[in-house]
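Bear in mind that the values in this text are calculations on the coordinates, not laboratory data. Owing to the predicted nature of the structure, the values given are computational and were not obtained by experimental measurement. Ideal geometry is used to build each Cβ from the backbone, glycine not excepted, and the neighbour counts take in all protein chains shown.
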Amino acid sequence: MPDDPTPPPPPAIEVKNLVKSYAGVTAVSDVSFTVQRGEIIGFLGPNGAGKSTTMRILTGFLPATSGIVNLCGVPVASDPDAIKHLIGYMPENNPLPEDMRVSEYLFYRGRLKEVPRRKLSARIDEVLELCDLKRVRHRIIGKLSKGFRQRVGIAEAVLAEPPVIIMDEPTIGLDPHQILIVRDLIASLRGRMTVLISSHILPEIEVTCDRVVIINQGRIVASGTPNDLRREILGHSAYKLELAGEIAALTAVLAQVEPTLVIASHGEPDATGFRIFHLTTARDEPLGEELLRALTNDTRFRLRGLAREHPSLEDVFLAATRRTWEMVDAPQHK
Amino acid sequence: MSSSPPPAARGKWSTRRNTNDPHRAVAATRTFFLLQVKHFFTILSHELRVLLVSPSTYLAAVAFLSVMGFFFTMMVDSYSVAAQEVTPAVTFFQYFWVPVLLVVPLLTMKSIAEERRQGTLETLLTTPVSTAEVVLGKYFSAYFLYISLWACTGGFFYILHRFDRNEHFIDFGPLAGGYAFVAVSGLLFVAIGIAASAVSRNQAMAALFSGTALLGLIVGSNFLPNIELLKNEALRPLKTAVDYAQVFQHLADFSHGVVDTRQVLFYVSGTVLALIFSIFSVEVKLLHS
């Protein structure tokens, strides 16, 4: 039951077995996750994965087909009015009225969000400062650059100091410099507010978020910290070799160093006969030294480079989403 | 389960409203309505501001006053040539349908359709605001503007009154009746415009819908009583209803100082229906968005 206020405070976002289907298409299928207070969580997924739909259900804007969603212990389905006081929401593409000034817009939104009139102008100053919008406070929103507009959207979302902020693709279409600013802005909310952001720009999420939920085809395919995900989805470690010599003998040498070390892929030899090899192993400890010693001592090989690979979240994401495509294509696996 | 052990007689909802004290319930209801009203006025003042700074409002105003000025001039011209049976006010208000068809779609087409197209409806409805407040705020701002435009035509009569040498030209009865008719019928006309905007995603479609609906209501209803089918005895109640729903007849009655409550009820109930329809269509469109 949702109402249990005293012992530990309920998690900021609690989603259980959420299902949403439109006219025969299941957009979100059996999604469950929990976000603790003060966490920044990234929602990752390809286009059409169900990110926006899930976020809209969290805001109470769309009703779910089935499942339970609680924000700070308040059920979204039966108490949508209370939910609206708990969230700051920035939809996809950040729609803003074109013909209002920044400060006017924030004032209007503050009134709608029931920020007391006495505190409102101080609070507007505060968010303008936070989002570095003081210079443009009297400009018309329609004439602002995309980076500023995005920051106006974020300022609006945090205006009423809600415990939960939900932002759908806050950095889409921004240049790298603007992305950096928005990212810092989101990071500055850590600990004060729970932030759920969706994105398919992965470095973004990796830097900003404490935890990542990867969603594909309406299902959660992986969730955890970026490091956990790397370990879980990609196996433990990967190495990259630049090597010339007898390929057939390499497997045996690798097995001597570490039985689980295998060649994941290799490239074509270049003009000097060197190829690039990608190796993976289940061992987490560094193997570089032994590998280097074994290969340089062996006269059959000439080694030019050896590096431990740090897979990016991108690799994790591709692997995780590929895994769901396979699941979808071959339903007997399920 | 809920934190406080509920007494046996308490209903399902009593854990949330943890008192049976009627005074507190009344106070809670009052607070609830005050909050609703507060949002309504926030939205209303915002919408009025948007209408007042938007160029399309002034275009609509210029179009409206030009058309009405033209009719007024023609009318005064005809009065100067020969004596007429009715006073200028009666003749003037007979042209009311032309600006209604022009101005109402222009004033209302943007209201909901444009917000939906821009996506700002989503941000609006994720704040503690109900759909009803949004629709009502937009409706009353458009209605206010519609009435203000008509109020400007009062200037025509003032000029006539100031410069004519014939005292009986301005007869205040029909004039007041005409404006009363405009105010009452405007309720329904603007509500139809809002409803058209609520069902469309595109301003042009909204204007087209409301234009057609208004034309059907004002002009089309003139022809309905002449339909041969309705002369059938079995359809007599329907015929009576159609006979009552004659917008031009209402105008004539108002101009003659006859305020029939059935006619007022026709406009008020039509307005309420159109607004309820608008609220539902905004919500239904969200479900299927």
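A cut-off under 15 angstrom between Cβ atoms defines the neighbours of B:F254, and their net charge, with Lys, Arg +1 and Asp, Glu -1, is -2. Its Cα gyration tensor gives the range B:114-236 an equivalent ellipsoid. The semi-axes, each the square root of 5 times an eigenvalue, are 34, 27, 12 Å from largest down. Using the empirical formula 2.2 N^0.38 Å as the baseline, the Cα radius of gyration of the range A:1-149 reaches a ratio of 1.21.
Among B:K231, B:K110, B:K239, the residue with the largest mean-square fluctuation in a Gaussian network model of chain B, with springs joining Cα atoms closer than 10 Å, is B:K231. With Cα atoms as the point set, the range A:190-239 shows a radius of gyration and Dmax of 12.1, 40 Å.
Computed from backbone phi with θ = phi - 60° and the Karplus coefficients 6.51, -1.76 and 1.60, the 3J(HN,Hα) list for the range A:56-65 is 5, 5, 4, 7, x, 6, 10, x, 8, 6 Hz; x is used for glycine and proline. Rg and Dmax of the range A:232-309, based on Cα coordinates, read 11.8, 37 Å. In the range A:13-224, taking the dipole from charged Cβ atoms about the Cα centre, the farthest positive-side position among A:I141, A:T171, A:A27 is held by A:I141. For the range A:232-309, a crude dipole built from +1 on the beta carbon of Lys and Arg and -1 on the beta carbon of Asp and Glu, taken about the Cα centre, is about 240 debye to the nearest 20. The magnitude of the dipole of the range A:13-224, with charges of +1 and -1 set on the Cβ of Lys/Arg and Asp/Glu and taken from the Cα centre, is near 520 debye.
Calculated on the alpha-carbon coordinates, the convex hull of the protein assembly as shown measures out at 277 cubic angstrom per residue. When all alpha carbon pairs of the range A:70-130 are counted in 5 Å bins from zero, the resulting P(r) reads 4, 15, 20, 21, 20, 13, 7, 1 %. Protection proxy ranking of B:213-223, B:80-90, by the mean of other Cβ atoms within 10 Å over each peptide's residues and highest first, is B:213-223, B:80-90.
Regarding chain B, what's the average projected area of the Cα-atom convex hull, expressed in nm²?
That works out to 22.7 nm².
Estimated purely from DSSP H runs of n ≥ 4, each contributing -39500 (n - 2.57), the mean residue ellipticity at 222 nm for chain A is -10500 deg cm²/dmol once divided by its residues.
In the Gaussian network model of chain B, springs joining C-alpha atoms below 10 Å, which of B:Q94, B:Q203, B:Q263 carries the largest mean-square fluctuation? Between B:Q94, B:Q203, B:Q263, it is B:Q94 that shows the largest mean-square fluctuation. Pairs of Cα atoms nearer than 8 Å and 6+ residues apart set the relative contact order; for chain A it is 18 percent. Under the criterion of Cα pairs below 8 Å and six or more residues apart, the relative contact order for the range B:169-289 equals 42 percent.
Can you give the % of DSSP beta bridges in chain A that are antiparallel, to the nearest 5?
70
Separation of the alpha carbons by more than 29 angstrom is noted, of B:K38/B:K110; A:K51/A:K240; A:K20/B:K38; B:K38/B:K285; A:K119/B:K138, for A:K51/A:K240; A:K20/B:K38. At q = 0.11, 0.16 Å⁻¹, work out log10 I(q)/I(0) for chain A with the Debye formula, treating every Cα as an identical point scatterer and leaving solvent out; two decimals please. Summing over Cα pairs of chain A leads to -0.80, -1.28.
Amide H contacts for A:G67 (H built 1.01 Å from N in the peptide plane; partners 5 or more residues away or on another chain; cut-off under 5 Å): A:V19. Working note: 222 nm ellipticity from helices only, DSSP H runs with n ≥ 4, each -39,500 (n - 2.57), summed and divided by the residues of chain B, gives -23500 deg cm²/dmol to the nearest 500. For the range B:122-186 versus the range A:94-118, the spacing of their alpha-carbon centroids is 29 Å.
With 10 Å bins beginning at zero, the pair-distance distribution over Cα atoms of the range A:159-305 amounts to 9, 29, 21, 20, 16, 5, 1 %.
For the range A:148-231, trypsin sites (Lys or Arg not before Pro) are listed when DSSP marks them as loop and at most 13 other Cβ atoms sit within 10 Å of their Cβ; the list is A:R192.
Counting other C-beta atoms within 10 Å, which of A:H138, B:H250 has the fewest, and how do the rest follow?
A:H138, B:H250
Measuring nothing but alpha carbons in the range B:38-175 and taking Rh as the Kirkwood radius, the Rg to Rh ratio lands at 1.12.
Sequence-ordered 3J(HN,Hα) estimates for the range A:137-145 from the Karplus curve with 6.51, -1.76 and 1.60 and θ = phi - 60° stand at 4, 9, 7, 7, 4, x, 9, 7, 6 Hz, glycine and proline given as x. Arranged from fewest to most other beta-carbon atoms within 10 Å of their beta carbon, B:Y58, B:Y267, A:Y89 become B:Y58, B:Y267, A:Y89. Sorting A:K84, A:K113 by the number of Cβ atoms found within 10 Å of their own Cβ, with the fewest placed first, yields A:K113, A:K84. In the elastic network of chain A, a GNM with C-alpha springs shorter than 10 Å, the most mobile of A:A12, A:A122, A:A271 is A:A271.
For the pair the range A:129-181 and the range A:242-298, the centres of their Cα atoms are 49 angstrom apart.
Label-to-label distance, A:Y22 versus A:H138, with points set 7 angstrom from Cα along the beta-carbon direction: 4.3 nm. Across chain B, the mean sequence separation of Cα contacts (distance under 8 Å, 6 or more residues apart), normalised by length, yields a relative contact order of 23 percent.
Rounded to the nearest Hz, the phi-derived 3J(HN,Hα) couplings of the range B:191-196 under the Karplus curve 6.51 cos²θ - 1.76 cosθ + 1.60 (θ = phi - 60°) are 4, 5, x, 5, 4, 5, where x marks glycine and proline.
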